[in-house]
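Enquirer: Have a look at this one.
The values are calculated or read from the model by the stated rules, or taken from the named source; none is laboratory data. Values in this document were obtained by computation on a predicted structure and should not be read as measured data. Heads up, the Cβs are rebuilt from the backbone with ideal geometry, glycines too, and the neighbour counts pull from every protein chain shown. In case anyone asks, the SASA skips ligands and DNA or RNA and just uses the protein heavy atoms, side chains included. Shrake-Rupley method; radii C 1.70, N 1.55, O 1.52, S 1.80 Å.
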Amino acid sequence: MKTRNFLMLFMLAVIPVLFFSCDKLTNLTAVNVTYKVPRIPFKFTPTALKSGEIILCTEQVNLNVDSLLNANLPGGGLDTTSFSNFSITIEAPDTANFGWLQSARTVVSQDSTFTSHVQIGTVTNNDSTTKTVILTMNNDNIRPYLGTKGFYIRVYAVVNGAIPYNWIQMYIDSQLKMRIEPL
């Protein structure tokens, strides 16, 4: 009788596992992580007005993927990674605003040459008095563009005339959304 009960309990435990796919198991054990990228300050010094796009900044973002994996799912691997928000804010001079900005876009690359990159977001400036522009995110997976120590960001801008400042101190605030799966 004990053997029969044990066999029944064993079958009730094992049969569902056999029909449970590996994909479902991976989905149940995966971890979604939100990572606030440290603020990226940069100074833009306008040069002679050019037509087309200008580069506002090119910055390296250090990202210790191993530490993130160990803190959230030891032995896991980074799956998809995308930006959930991205904004650019003017810090100085105090009177500066984005009245000179028509539009902007941001790209990400794993190296400083930007030979292979993905556009992560864009903004069209409809408020000439604003000091912050918020990009609309494409939600593209940037995982293929992450290098061993992070990635590079480049912000392009289309200006609508001469920039009325000798220099502008700005900063980027952004956040990543990452999915970590067991290996």
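Enquirer: Among the numbered conditions (1) modelled with pLDDT under 85; (2) open to solvent by 70 Å² or more (accessible area, probe 1.4 Å), tell me where Lys36 comes up short.
Expert: (1)
Enquirer: Turning to a different aspect of this structure: State all residues of segment 107-120 that are within 12 Å of Met137 (Cβ to Cβ) and either in contact with a Lys or Arg (Cβ under 7 Å, 6 or more places away or on another chain) or open to solvent by 30 Å² or more (accessible area, probe 1.4 Å) (or both); if no residue qualifies, say none.
Expert: Step one: filter segment 107-120 for residues within 12 Å of Met137 (Cβ to Cβ), giving 108, 118-120.
The one that is within 12 Å of Met137 (Cβ to Cβ) and either in contact with a Lys or Arg (Cβ under 7 Å, 6 or more places away or on another chain) or open to solvent by 30 Å² or more (accessible area, probe 1.4 Å) (or both): Gln119.
Enquirer: For segment 69-79, indicate whether the set of residues that are modelled with pLDDT of 95 or more and within 28 Å of Ala30 (Cα to Cα) is non-empty.
Expert: no
Enquirer: Restricting attention to segment 158-172, and to residues there that are part of a strand (DSSP E or B) and open to solvent by 30 Å² or more (accessible area, probe 1.4 Å), which single residue is farthest from Phe44 (Cα to Cα)?
Expert: Within segment 158-172, the match that is farthest from Phe44 (Cα to Cα) is Val158.
Enquirer: If you go through segment 87-94 one residue at a time, do you hit one that is out of contact with any Pro (no Cβ under 9 Å at 6 or more places or on another chain) and farther than 14 Å from Met170 by Cβ? Step through it out loud before you land on a result.
Expert: As a first pass, look at segment 87-94 and keep what is out of contact with any Pro (no Cβ under 9 Å at 6 or more places or on another chain): 87-90, 92-94.
So of that shortlist, the ones also farther than 14 Å from Met170 by Cβ come out as none.
No, segment 87-94 contains no residue that is out of contact with any Pro (no Cβ under 9 Å at 6 or more places or on another chain) and farther than 14 Å from Met170 by Cβ.
Enquirer: Across segment 105-157, what is the number of residues that are part of a strand (DSSP E or B) and over 14 Å from the mean Cα position of the chain (by Cα)?
Expert: In the first step, residues of segment 105-157 are kept if they are part of a strand (DSSP E or B); the result is 105-109, 117-124, 132-134, 136-137, 150-157.
So of that shortlist, the ones also over 14 Å from the mean Cα position of the chain (by Cα) come out as 123-124, 132-133, 156-157.
Residues meeting the conditions: 6.
Enquirer: I need every pair where a residue in segment 154-177 that is within 19 Å of Thr124 (Cα to Cα) and in contact (Cβ under 8 Å) with a residue 60 or more places away in the chain has its Cβ under 8 Å from the Cβ of a residue that is among the small types (Gly, Ala, Ser) and in a loop (DSSP other than H, G, I, E, B), sequence separation at least 6 or different chains.
Expert: Close Cβ pairs (under 8 Å, with a partner that is among the small types (Gly, Ala, Ser) and in a loop (DSSP other than H, G, I, E, B)) amount to Val158/Gly52.
Enquirer: Go through (1) in contact (Cβ under 8 Å) with a residue 60 or more places away in the chain; (2) over 23 Å from Pro38 (Cα atoms) for Ser128 and report which single condition fails.
Expert: So the condition that Ser128 fails would be (1).
Enquirer: Return yes when Phe86 is in contact (Cβ under 8 Å) with a residue 12 or more places away in the chain, within 25 Å of Lys177 (Cα to Cα) and within 12 Å of the chain's Cα centre (by Cα) and no when it is not. It would help to see each step written out before you state the result.
Expert: Numbers: in contact (Cβ under 8 Å) with a residue 12 or more places away in the chain: yes; within 25 Å of Lys177 (Cα to Cα): yes; within 12 Å of the chain's Cα centre (by Cα): yes.
So Phe86 fits the description; yes.
Enquirer: Of all residues in segment 39-69, which are loosely packed, with under 11 Cβ neighbours inside 10 Å, closer than 20 Å to Ala104 by Cβ and of a type in the set (S, T, N, Q)?
Expert: Thr45, Thr47, Ser51
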